[in-house]
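The values are calculated or read from the model by the stated rules, or taken from the named source; none is laboratory data. Because the structure is a prediction, the values reported are computed rather than measured. For neighbour counting, all protein chains shown are included, and Cβ atoms are generated from backbone atoms with ideal geometry for every residue, glycine included. Only protein heavy atoms, including side chains, enter the accessible area calculation; ligands, DNA and RNA are left aside. Shrake-Rupley method; radii C 1.70, N 1.55, O 1.52, S 1.80 Å.
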Amino acid sequence: MPKTATLKLNVRAIRKAERDGAVIGLRKAAEHLLEVSRRLVPIEEGTLERSGVASVDDGRLVAAVSYDTPYAVRQHEDLTLRHDPGRQAKYLEEPMQTERGTMLDLVAAEIRRSLR
């Protein structure tokens, strides 16, 4: 007599766990980007650095890092401005490129962790 096996998958629970892990991973990735970019932000009084924030839209699975001062965009885009040593324009764009792999790893690790 042949043996039979039954496999039941709760796909809804799996997808929810995967999404929950992605949200946690996105949050960690955004916080990582914020931390790295803060090390590059032009600094005089620290206002620009303190204005940085990481946020995640759970519904759309989108993360963002932003700086909120009237001069944040100019400081980021104007390559002619002089900055203290170690500080620079493109303080957000550069780490977004250089830390891409790390951020993807953070998201992937949280998704794997949530599926255990």
>> When only alpha-carbon atoms are used, what values of Rg and Dmax, in angstrom, describe the stretch 75-116?
In response: 15.9, 50
> Among the trypsin sites (Lys or Arg not before Pro) within the stretch 17-65, which fall in a DSSP loop and have no more than 16 other Cβ atoms within 10 Å of their own Cβ?
Replying inline: R39, R60
>> Distance between the C-alpha centers of the stretch 1-33 and the stretch 44-63? Whole Å please.
In response: 27
> Carbon and sulfur together cover what percent of the accessible area of the chain at a 1.4 Å probe radius?
Replying inline: 53
> Among the aspartates and glutamates, which have Cα under 18 Å from the Cα of K90 when same-chain residues fewer than 8 positions away are ignored?
Replying inline: E31, E35, E44, E49, D68, E77, D78, E99
> Given a 1.4 Å probe, how much area per residue of the chain is accessible, in Å²?
Replying inline: 73
>> Can you pull out the GluC sites (Glu not before Pro) in the stretch 1-79 whose DSSP state is coil and whose Cβ has at most 14 other Cβ atoms within 10 Å?
In response: E44, E45
>> For Cα pairs less than 8 Å apart in space and 6+ apart in sequence, what is the mean separation divided by the residue count of the chain, i.e. the relative contact order in percent?
In response: 39
> What is the magnitude of the charge dipole of the chain about its Cα centre, with +1 placed on the Cβ of each Lys and Arg, -1 on the Cβ of each Asp and Glu, and no other charges, expressed in debye to the nearest 20?
Replying inline: 1060
> Tell me, what ³J(HN,Hα) does each residue in the stretch 76-86 have, in order and in whole Hz, if you take phi through Karplus 6.51 cos²θ - 1.76 cosθ + 1.60 with θ = phi - 60° and put x for Gly and Pro?
Replying inline: 6, 9, 7, 6, 8, 6, 9, 10, 4, x, x
> Within straight cross-link reach of K16, meaning Cα distance under 17 Å, which aspartates and glutamates are found once same-chain residues fewer than 8 apart are removed?
Replying inline: D57, D58, E110
> To the nearest 10 degrees, how steeply does helix 11-38 sit against the main Cα axis of the chain, on a 0 to 90 scale?
Replying inline: 20
> Once the chain is represented by equal point scatterers at the alpha-carbon sites, with solvent omitted, what log10 I(q)/I(0) does the Debye formula produce at q = 0.09, 0.11, 0.20 Å⁻¹?
Replying inline: -0.35, -0.47, -1.01
> To the nearest 10 degrees, how steeply does helix 100-114 sit against the main Cα axis of the chain, on a 0 to 90 scale?
Replying inline: 30
